[in-house]
Amino acid sequence: MCGIVGIVSNKSVSASIISALKKLEYRGYDSAGISTISNGQISEQKCSGRVDNLEKILFQNPSSGDLGIGHVRWATHGVPNQVNAHPHSSEVVSVVHNGIIENSDELRKEYKEKGYSFKSQTDTEVITIMLTDYLKKENLINCIHKTLEKLEGSFALGVIFKDFDNLVVGARRGSPLAVGYGHNENFIGSDSYALKSMTNKISYLDDGDFCILFKEKVEFYNSDKKKINKQIFELSNEDNTADKGDYRDFMSKEINEQSITTKKCINEYLDKSRNDINIYNLPIDPKKINKIRLIACGTAYHSCLMAKYWIEEFTSLDVEADIASEFRYRKIKFNSNDLYIFVSQSGETADTYAALEKCKKNQVKTCGIVNVVESSIARMADFVLPIHAGPEIGVASTKAFIGQLIVLYLLTLKISKERNDIIDDEYLKLILDLKKLPELIEETLNKQKDIQLIARDFIEAKGTMYLGRGYSYPIAMEGALKLKELSYIHAEGYAAGEMKHGPLALIEDGMPVIVLAPKDRFFEKTISNMQEVIARGGKVLMITDDTSKTMNENIRFKFQIPKTNSTINSFLLTIPIQFLAYHVALLKNCDIDKPRNLAKSVTVE
Ligand code: F6R
C-alpha cells in the first residue's frame, strides 16, 4: 500500500504535495512525509500519523523548493513511527516507496559491509543507500537502472537528488504509478485521483519502466534503459467531486448513495427499450465458454461468491470462486475455453493483479470488473466491465460491493441468455425486477434508524455470528467482514447449516447473532438453525422479508426488507449489515473511514 507523489514545477510545490497526499491517505495513514530541494539541500520533514500532523509541522516550519516528493505510509517493515516514516534521505538523495523490497535484508548486509549505516528499520532505506553509492561512480540513468536491477519485490518509487535540482524520478514494478502533465510542471502519483486537481492528462508506467520528470518534459525508459513513448489518456471530469457533502463521513455517504449508484450502473448496461443487457464482445463467445473462474480479495471475493450462486442458478456452466492470494500460487489447470473474471474496486490490488498476470502468461481470456477504469487491472484485462460507482473513499467497501454485484448479475443473465440457458419470459421478468431494485434499495436505506436502535446490543459483545444459506451466505460473510474491520469486534459469517458442525459451541447466553432469512427456498431450514441458536441463549437480529408474526417473541429484533425475487434480495440484505457495522463502530468511537491497520488499496502481497 502507501501513497506516493512527486512534483517538479516552476513554483513552490509543498502545498500541492500536501493536497495530493490527503487524497492518497486512503492508501495508508501510519505516517506522512515530504522532501524538497531547497537552497541546494534536501529538506525532509516527516511525522507519525496523518497528513494533518505533517501540515501542522509545515505550518510552523514551511518547506520551500520547486520540486519534491511526498508519502503516506501503511507500515510493512518497521513500526509506524517518525524514524520509519518516508522519505528516507541521505546527503544526496531522498526516496519515497510503495511496495516491499523482498531482498532488503541481504542488501542491508551488503551495504553495511561497505561501511554504510542505516537509520530506520525499513526496507526502503536500502534503496536510498544504493542510489547514494551508485551516484559516486555512475551517471544518473545508470545509477537508477543499476539500483532497480538489484531490487527484488514490488515497488513504485519517487526520488529526488540534491545535485539534480531540476528533476524528479519515478519507477514502477508491481505497484502502480501514474504520470501527470501540467503547464510548466509535471507530476507522479500512486493514482490519477491524487493528480486530478492538477491535471487531467495522464500516462501510466508499466512494470520495469522508470521516468524522469522535468518541468517542461517527461522522459520514459524501459527496463533496458531504452527511451520509450507513452500514450497520454485524458481523464473525464465526471468524478472530480469526491467530497462528503453533508454526511459525517464518506462511509455514510457511500452507503446512502447506493440507490443512485445502482440506478446509474443498471442504466449503463440496460437497453431499456428492448429490455436487454448491453454486454457484447466478451473475449469468448458465451456459447463456447467451458467454465467461469472468479478471482478477487476481501469484499470483492464475496461478490464473486455471490456470482457463483447466480451462475449456477441461471447457466449450465461450471463455476469456481477463488481468493486471489491463493489462486496466484496454485497449480491451476488453465483451459483456453475458460473465462477468468477479476473483480476489484481499486483495480490495483496486488494479489488480484498477480493472479491476472498469471492468467495472461497462460494465454487465457480475462475480464476485469473494476470501479477505477484507469487502473492496472483494467488496463491488463482483455475485457473490462466498469461498475460506475464513482470514487469510493471509505476504506470499507460498500457501494462498490453493490456495484460489483449488479455487474456480475447482469453478466450472468447475459451469458445465460446467449447460451439459451434461460427462457425469454424468465429473462424479461428478471430484468423487470432488476429495474425496480434502486427503489427497493432506497426503501431499505430509509430504515436506517431501526438498525441504529439495535446497534447498542453489539458494543459489549465479545463476538458475533452472521448466518445465512444459499444467496444469503455470501452476504453473511460480507456482514462479518464489515463488522470486524469497522468496530474491531470478532465476527464470522457461516453457512447456517454448518452451525451444528462446530460453531454452535460458541453460542452463550446473550450473544448477538445476525440471521439472514429471506423467504426463499432455504427459509424453513434457516429458521430451524435460528431456533437452535435461540435455544442456547443467542439474541437474534433477524433480517427478512417475511411479514408473518410467528416466532416474533423469540427474536430480539426483526429488520424487514422489501419483497423482491429471491435471486436479488441479497442486494437488500446488504444494506442493514452495512448500517449495523457503521453504527456499532460509531458507538465505539472507531475511525469510520480509516479503520486501524487497514488501507483502501492493497498494493502489497
Ligand atoms: C473490505 C474491503 C476489502 C477490499 C479488498 C479488495 O471492506 O474493502 O476487503 O474488498 O481489499 O480490494 P479491491 O476491490 O480494491 O481489489
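When the range 355-364 is filtered for residues that are in a helix (DSSP H, G or I) and either without any contact (Cβ under 8 Å) to a residue 60 or more places away in the chain or more than 12 Å from the ligand (Cβ to nearest atom) (or both), the ones remaining, listed by number, are Glu357, Lys358, Cys359, Lys360, Lys361. Looking at the range 464-495, which of its residues are of a type outside the set (A, V, I, L, M, F, W, C), away from the ligand (no atom under 15 Å from the Cβ), under 17 Å from Pro512 (Cβ atoms) and touching a residue at least 40 places away in the same chain (Cβ under 8 Å)? Listed by number, the residues that qualify are Thr464, Gly468.
Residues in the range 584-605 that are closer than 21 Å to Ile454 by Cα and either within 16 Å of the ligand (Cβ to nearest atom) or among the basic types (Lys, Arg) (or both): Val584, Ala585, Lys588, Cys590, Asp591, Ile592.
Restricting attention to the range 29-45, the residues being surrounded by 18 or more Cβ atoms within 10 Å (Cβ to Cβ) and closer than 25 Å to Lys215 by Cβ number 11.
Take the residues of the range 1-28 that are crowded, with 24+ Cβ neighbours inside 10 Å, aliphatic (A, V, I, L, M) and part of a helix (DSSP H, G or I): which is modelled with the lowest pLDDT? Step by step, filter the range 1-28, then rank; the result is Leu24.
Scanning the range 112-124 for residues that are of a type outside the set (Asp, Glu) and more than 36 Å from the chain's Cα centre (by Cα) gives Lys112, Lys114, Gly115, Tyr116, Ser117.
Residue-wise test of (1) assigned to a loop (DSSP other than H, G, I, E, B); (2) over 19 Å from Asn281 (Cα atoms).
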| residue | (1), (2) |
| --- | --- |
| Val384 | no, no |
| Gly390 | yes, yes |
| Gly394 | yes, yes |
| Phe401 | no, yes |
| Gln404 | no, yes |
| Tyr409 | no, no |
| Ser416 | no, no |
| Ile422 | yes, yes |
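Looking across the range 114-146, the residues that are buried (at least 16 other Cβ atoms within 10 Å of the Cβ) and closer than 21 Å to Ala178 by Cα come down to Thr124, Ile127, Ile144, His145.
Looking across the range 493-517, just one residue is over 24 Å from Ser566 (Cβ atoms) and either of a type in the set (Lys, Arg) or under 22 Å from the mean Cα position of the chain (by Cα) (or both), and that is Lys500.
For the subset of the range 309-363 comprising residues that are of a type in the set (A, V, I, L, M) and over 23 Å from Lys287 (Cβ atoms), which member is surrounded by the most Cβ atoms within 10 Å (Cβ to Cβ)? Once the filter is applied, the top-ranked residue is Val343. Taking the criterion of being out of contact with any strand residue (DSSP E or B) (no Cβ under 7 Å at 6 or more places or on another chain), farther than 20 Å from Asp243 by Cβ and either near the ligand (Cβ under 8 Å from one of its atoms) or polar (S, T, N, Q) (or both), the residues of the range 370-406 that qualify are Ser375, Ser376, Phe401. Would a scan of the range 319-328 turn up a residue that is over 28 Å from Leu432 (Cα atoms), touching a residue at least 12 places away in the same chain (Cβ under 8 Å), part of a helix (DSSP H, G or I) and of a type outside the set (Ser, Thr, Tyr)? Scanning the range 319-328, I find at least one residue that is over 28 Å from Leu432 (Cα atoms), touching a residue at least 12 places away in the same chain (Cβ under 8 Å), part of a helix (DSSP H, G or I) and of a type outside the set (Ser, Thr, Tyr), so the answer is yes.
The values are calculated or read from the model by the stated rules, or taken from the named source; none is laboratory data. Keep in mind the model is a prediction, meaning the values are calculated, not measured. As a convention, Cβ positions derive from the backbone with ideal geometry for all residues, glycine included, and neighbour counts pool all protein chains shown.
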